[in-house]
Each structure stands twice: as structure tokens, then as C-alpha cells.
1. For a quick check: with amide H placed at 1.01 Å from N, whose amide H comes under 5 Å from L45's, ignoring anything fewer than 5 positions away on the same chain?
2. To the nearest 20 debye, what charge dipole does the chain have about its Cα centre, counting +1 at the Cβ of each Lys and Arg and -1 at the Cβ of each Asp and Glu?
3. Of A97, V79, I129, which is farthest on the positive side of the dipole of the chain, counting Cα position, with +1 on Lys and Arg Cβ, -1 on Asp and Glu Cβ, and the Cα centre as origin?
4. Sort 51-62, 14-25 by the packing proxy (mean of other Cβ within 10 Å over each peptide's residues), most packed first.
5. Among M1, M64, rank each residue by its count of other Cβ atoms within 10 Å, from fewest to most, as a rough exposure measure.
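Read-outs: derived from the displayed coordinates by stated rules, not from any lab. This is a predicted model, so every value here is computed, not measured. Every residue, glycine as well, gets a Cβ built from its backbone with ideal geometry; the counts of neighbours run over all protein chains shown.
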Amino acid sequence: MTPRILIQTADFDAAAEVAAMTRDRRDIGAVVTFTGLCRDEGGRLAALELEHYPGMAEEEIARMVARAAARWPLDAVTVIHRVGKIAPGAQIVLVIAASSHRAAAFAGAEFLMDYLKTSAPFWKKEHPIDGPATEWVAARDEDDRALEKWRA
């Protein structure tokens, strides 16, 4: 399996990505997708700015995809993560995991999202509506707890 890993400023089309992944494939029985959107944080956020370290981020994500594929029988994986300023309501991340059976596809997608949310080399800065950009956003405790379940 060769995963598709993209970090880009442009938006993505989840349906087109699924269609490309499954085209001419008869071994895939389940496709799980997760699309993360930018929240407005109760109306206070004008944009979320995401940065990454080019090259390193793709390599780290590829390592996590390899870990997921070693743990579950995944037949295909796509991870697309956007960077730059993203407005509330816009797509930020897409994870697609495909397998012969649904359990592996669900587990693989959830594992990858938990990793991306907590440990992937991305930095986030909030741009509030009523002022200048704030400090870089730290991972939340509940996100760290979600990742812990995969260490068992």
C-alpha cells in the first residue's frame, strides 16, 4: 500500500478522493472518511492559521500511516491536511482509510485522526474577530487522552 499524503493550501474534494482511491479496486469492502472543519469557537474566531515544517510533516504522517497499516489490514489510506489561514466552516483535514472490512477501516481512520490532532507537526494560531492573532494553540487534554487508548 502506498498512502496518498498531501499538505496543501488548496481545498479538497472528499468524494473525488474516495472515487480515485476505489477506482478499479475490488478488494476494498469498506471506506471510512473523516473531514475536519474549522470551527468559529462560538463566533469569536475569524480564521485559524496552520503551519508545518515541509518534508518533516509528510514523513511523520507517513510513519503513522505505516503504524496504522501494521496494526490493521488497510488497503489504502489518504491524508490531506491544509495549511495557511482557514476560515470557519472550511475544511481542514481529510482522512480516508479503506480495508476489506469495516472494523479495520474505522479503527485506522480514528487512529490517524487522533494522531493528527495531537502529535502531527502542525502549529495552529487563532485569529480572533476582535483583535490580533493569539498565541499558538496547544493540544487539549481530551485529545491527548484519545491518543492514549492506542498505546494499550
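1. When sequence neighbours closer than 5 places are left aside, the close amide H contacts are I129.
2. 480
3. Most positive-ward Cα: A97.
4. 51-62, 14-25
5. Exposure proxy ranking, most exposed first: M1, M64.
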